[in-house]
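Here's the structure, in structure tokens; my notes come after.
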Amino acid sequence: MFKRNYCQGDLVVYRLTKQSESPGPRAQSIEPSRYGESYRYQVDKYWIIESLNDEGIVVRTRRGKTRMINHDDRCLRRANILERTFLRGRFPDPQQEATEPQV
């Protein structure tokens with residue numbers, strides 16, 4: 001299987017699937033439920049890699065929370081050059097400290 005090599009400090013994008021009654025402006029692939037009372041959609045989250053260990057990849061959000069992601073999660077990918085350049089403000093600050101670990 002294809003193994004991705006991530007390093008500490010890499011900027012990554014995670015495509016998160018959500019469901020709610022009103023999708024936000026950054027929602028993609030919007031699909032209504034069967035009777036139209038809610039929507040299922042995807043949102044890109046812009047994170048930075050804190051550390052790598054045997055259990056998975058620890059990423060930090062823009063607000064300082066940490067999350068554990070599996071090594072083989074297909075929703076996680078490296079940020080491309082355009083995202084790193086034009087969407088730089090959506091990624092966490094590399095000098096910022098993590099607040100509270102959340103798994």
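The values are calculated or read from the model by the stated rules, or taken from the named source; none is laboratory data. Just so we're clear, the structure is a prediction, and the values are computed from it rather than from any experiment. A quick note on method: Cβ atoms are made from the backbone with ideal geometry, for glycine too, and the neighbour counts reach across all protein chains shown.
Values for this structure:
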item	result
Candidates Tyr41, Tyr6 - the one that is touching a Lys or Arg at 6+ places or on another chain (Cβ under 9 Å), of a type in the set (Ser, Thr, Tyr), assigned to a loop (DSSP other than H, G, I, E, B) and surrounded by 11 or more Cβ atoms within 10 Å (Cβ to Cβ)	Tyr6
Close pairs from segment 91-102: first modelled with pLDDT of 65 or more, partner not in a loop (DSSP other than H, G, I, E, B), Cβ under 7 Å, at least 6 apart	Phe91/Leu11; Phe91/Tyr46; Phe91/Ile48; Pro92/Trp47; Pro92/Ile48; Pro92/Arg60; Pro94/Ile48
Every residue from segment 9-34 that is in a loop (DSSP other than H, G, I, E, B) and either surrounded by fewer than 12 Cβ atoms within 10 Å (Cβ to Cβ) or touching a Ser or Thr at 6+ places or on another chain (Cβ under 8 Å) (or both)	Gly9, Glu21, Ser22, Gly24, Pro25, Arg26, Ser33, Arg34
Those residues of segment 44-97 which are surrounded by fewer than 17 Cβ atoms within 10 Å (Cβ to Cβ) and among the aliphatic types (A, V, I, L, M), in sequence order	Leu52, Met68, Ile81, Leu82, Leu87
Residues (among the hydroxyl-bearing types (Ser, Thr, Tyr) and within 13 Å of the chain's Cα centre (by Cα)) located in segment 40-86	Tyr46, Thr61, Thr66
